[in-house]
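What follows is a set of notes on a single structure, which appears directly below.
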Amino acid sequence: MKTVSICFVCLGNICRSPTAEGVMRHLVEQANLAERILIDSAGTGDWHIGQPPDDRAQQASRGRGYELSALRGRQIAAADFERFDLLIAMDDKNIAALREICPPEQRDKIRLLMEFVPETDARWHGAREVVDPYFGGAEGFEQVLDQCEAACGGLIAVLRPQLIA
Ligand code: 4NP
């Protein structure tokens, strides 16, 4: 059975990447692909290792049916480039930090989440980054969810034909 392993990456691993993980897990289960698409998340920074997602991210996610409370922060490591097929970053700073620790032959595994938004999505197609909501208000966490839903739906649409071929 073909599988693909994905690690979503942000700065702290308490807001954006756990939200992407929660949304993706939900959509992958709905698509009956849970055995084929393996999902994790990590941060480029080390401040929140072992911590659950930010309360605001948990609350906003719960409002849409995504449960993040079991997740715990961890920091990305060079070994993750061997373990995962795709390391999907939220913004350009995450990309730069990933490139610093990435073995040269694994560089193609680094992607931006918003690349996967379908062309038909008038609201989010063309947006480049998932903006860091940490120092802002509740609306930032809703926007992160909107973006993760748009991009993760597109990501599944890209992966599905490769996995069931
Ligand atoms: P995240 O958000 O990268 O989406 O998890 C942040 C979390 C923590 C910090 C910054 C961004 N921080 O400065 O501690």
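The values are calculated or read from the model by the stated rules, or taken from the named source; none is laboratory data. Since the model is a prediction, treat every value here as computed from it, not as a measurement. All Cβ positions, even for glycine, are placed from backbone atoms using ideal geometry, and neighbour counts span all protein chains on display. Surface accessibility is based on the protein's heavy atoms, side chains included, excluding ligands, DNA and RNA. Shrake-Rupley method; radii C 1.70, N 1.55, O 1.52, S 1.80 Å.
Suppose we filter the range 40-79 for residues that are more than 16 Å from the ligand (Cβ to nearest atom) and in contact with a strand residue (DSSP E or B) (Cβ under 9 Å, 6 or more places away or on another chain); how many remain? Write out each step before concluding.
Step one: of the range 40-79, the residues more than 16 Å from the ligand (Cβ to nearest atom) are 62-65, 67, 70, 77-79.
With the extra rule that they be in contact with a strand residue (DSSP E or B) (Cβ under 9 Å, 6 or more places away or on another chain), the set shrinks to 77.
Total meeting the criteria: 1.
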Exercise for the section: Identify the residue in the range 134-165 that is touching a residue at least 24 places away in the same chain (Cβ under 8 Å) and polar (S, T, N, Q) and, among all such residues, is surrounded by the fewest Cβ atoms within 10 Å (Cβ to Cβ). Expected result: Gln162
Handout entry: Condition check for Ala42: open to solvent by less than 50 Å² (accessible area, probe 1.4 Å), of a type in the set (A, V, I, L, M, F, W, C) and assigned to a strand (DSSP E or B)
Key = yes
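For the range 26-66, enumerate the residues that are more than 28 Å from Ala97 (Cβ to Cβ) and free of Cβ contacts under 8 Å to residues at least 12 places away in the same chain.
Of everything in the range 26-66, those that are more than 28 Å from Ala97 (Cβ to Cβ) and free of Cβ contacts under 8 Å to residues at least 12 places away in the same chain turn out to be Glu29, Gln30, Asn32, Ala34, Arg62, Gly63.
For the range 15-39, enumerate the residues that are in contact with a helix residue (DSSP H, G or I) (Cβ under 7 Å, 6 or more places away or on another chain), within 16 Å of the ligand (Cβ to nearest atom) and not basic (Lys, Arg). Outline the logic, then answer.
Within the range 15-39, the first condition is being in contact with a helix residue (DSSP H, G or I) (Cβ under 7 Å, 6 or more places away or on another chain), and the residues that meet it are 15-16, 18-20, 22-24, 27-28, 31, 33-34, 36-37, 39.
If we keep only those that are within 16 Å of the ligand (Cβ to nearest atom) too, we end up with 15-16, 18-20, 22-24.
Residues satisfying the conditions are Cys15, Pro18, Thr19, Ala20, Gly22, Val23, Met24.
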